[in-house]
Amino acid sequence: MPTPRCPRCGFAFAWDGRKCSHCPPPSRARQLWESISRFEEQVNSTKDITPRQLLAIAGGCLRRVWDFLPEPVRDFPEACERGPEALRKHPGFREQPAMLNRDREFQIAAEAIRTALTRNSIPELVRSIAEAARTCRGAVCNRDYPQREFFSFPLPPELERYRADVDNNMVPSDVGNPRIDVRYRPLRRDASVPIAAAYQHLCDELTKYNEARSRLAASEEAAQCEMVRDMQIYPEITVGFDPAWRTSTAVAMARGFVESRDFSAMPILADALQDAGCEDPEILEHCRAEKPHYRGCWVIEMILADGK
Ligand SMILES: [Zn+2]
Ligand SMILES: [Zn+2]
């Protein structure tokens, strides 16, 4: 087997399969763009985002929580990815799907997507899709970190017997939900030392829990951004797609990936494109990079842009 070459400069021995030590690193601006971690910022930083792509993004966000999507919206991601026409035909588009109270967040996501389709301007559409994405992130957080009562956190054995005293020594409050948000229920100043210690311990546990939850939300948002970047090429770059690269092999592979949602053979697609004469480094690198691909991937879209 020949040594794989850098798709950009063609050097074989500077290429470790992912990075090239010979090519200059990407510009600072591009690095920044590729590290955006706020969903709306990522969507808004792309130049010509289309309603179809925005729906595919919403579908992808829903799919990331597919395992716990309620029955009535389980085929929503599919309909979103297939585009506005398919979504309009979806029964859930006309009627609010009947869902249980605990599925409220998916109801909100489905509603946001339905609303998106009725929007006439891209900024309005982006707002609806961003709401759907935010709701999906919330669903991820609620799955792993459901809201917990202040008193459900563990105490060290020596402080355990003060648990009830903590409750009795907290200032009563009618603001918010005092059982969940301890900020509204401070401890009385005259509470004893062990009670204060137990109170502080519960506060610390709650803080740790909330911080872990925020980290999960942030990582889910970063993953959503990664998905947007799979569908949108860095705006400063233009790729000319030569129809000659659209061989029957490449088209069949691309179709297969989209149908099966299995993109693991993307590097082989790069070889097929290269065989057809494609040396575009952006395209080849995108196919060979170890990153997930989604329906709406820009390389796949270019291959299938014709005769679809
Ligand atoms: Zn190189
Ligand atoms: Zn891709």
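Rundown of residues vs (1) in contact with a helix residue (DSSP H, G or I) (Cβ under 6 Å, 6 or more places away or on another chain); (2) of a type outside the set (D, E); (3) closer than 24 Å to E81 by Cβ; (4) modelled with pLDDT of 95 or more, yes/no style:
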site: V166; (1), (2), (3), (4): yes, yes, no, no
site: P172; (1), (2), (3), (4): no, yes, no, no
site: V175; (1), (2), (3), (4): yes, yes, no, no
site: Q200; (1), (2), (3), (4): no, yes, no, no
site: M231; (1), (2), (3), (4): yes, yes, yes, no
site: G240; (1), (2), (3), (4): no, yes, no, no
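Within the stretch 1-24, the only residue that satisfies the criterion of being within 16 Å of ligand 2 (Cβ to nearest atom) and either under 20 Å from P123 (Cβ atoms) or surrounded by 14 or more Cβ atoms within 10 Å (Cβ to Cβ) (or both) is P7. Tell me which residues, restricted to the stretch 21-40, are assigned to a helix (DSSP H, G or I) and in contact (Cβ under 8 Å) with a residue 12 or more places away in the chain. Those that are assigned to a helix (DSSP H, G or I) and in contact (Cβ under 8 Å) with a residue 12 or more places away in the chain: A29, R30, W33, E34, F39, E40.
Taken as a whole, the structure leaves S27 outside the set of residues that are more than 11 Å from ligand 1 (Cβ to nearest atom), of a type in the set (G, A, S) and either crowded, with 19+ Cβ neighbours inside 10 Å or within 16 Å of the chain's Cα centre (by Cα) (or both). Restricting attention to the stretch 1-20, the residues that are within 12 Å of ligand 1 (Cβ to nearest atom) and in contact with a Phe, Trp or Tyr (Cβ under 8 Å, 6 or more places away or on another chain) add up to 4.
What is the residue count in the stretch 4-20 for residues that are out of contact with any strand residue (DSSP E or B) (no Cβ under 8 Å at 6 or more places or on another chain) and not in a strand (DSSP E or B)?
Narrowing the stretch 4-20 to residues out of contact with any strand residue (DSSP E or B) (no Cβ under 8 Å at 6 or more places or on another chain): 7, 10, 12-13, 15-20.
Now drop any that are not not in a strand (DSSP E or B), which leaves 7, 10, 12-13, 16-19.
Selection size over the stretch 4-20: 8.
For the stretch 66-75, filtering for residues that are closer than 15 Å to I113 by Cα and within 16 Å of the chain's Cα centre (by Cα) leaves 1.
One residue stands out among those in the stretch 79-120 that are surrounded by fewer than 19 Cβ atoms within 10 Å (Cβ to Cβ) and touching a Ser or Thr at 6+ places or on another chain (Cβ under 8 Å): the one that is modelled with the lowest pLDDT, which is R119. Among the numbered conditions (1) under 20 Å from G59 (Cα atoms); (2) among the hydrophobic types (A, V, I, L, M, F, W, C); (3) at pLDDT 85 or above, tell me where L159 comes up short. Going through the list (1) under 20 Å from G59 (Cα atoms); (2) among the hydrophobic types (A, V, I, L, M, F, W, C); (3) at pLDDT 85 or above, L159 breaks only (1). Taken over the stretch 10-52, the criterion of being at pLDDT 90 or above and closer than 12 Å to I129 by Cβ is satisfied by F39, E40, Q42, V43, N44. The residues listed here are A223, A252, A212; of these, the one that is modelled with pLDDT of 95 or more, farther than 27 Å from F39 by Cα and among the small types (G, A, S) is A252.
State yes or no: is P91 without any contact (Cβ under 8 Å) to a residue 24 or more places away in the chain and not acidic (D, E)? Write out each step before concluding.
Working: without any contact (Cβ under 8 Å) to a residue 24 or more places away in the chain: yes; not acidic (D, E): yes.
Yes, satisfied.
Filtering I237, I233 for residues that are outside any helix (DSSP H, G or I) and crowded, with 16+ Cβ neighbours inside 10 Å leaves a single hit, I233.
Taking only the stretch 104-151 into account, find how many residues are part of a loop (DSSP other than H, G, I, E, B) and under 16 Å from F68 (Cα atoms).
Of the residues in that region, 2 qualify.
The values are calculated or read from the model by the stated rules, or taken from the named source; none is laboratory data. What you see is a predicted model; the values in this text were computed from it and never measured. FYI the Cβ positions are ideal-geometry reconstructions off the backbone, even for glycines, and counts take in every protein chain you see.
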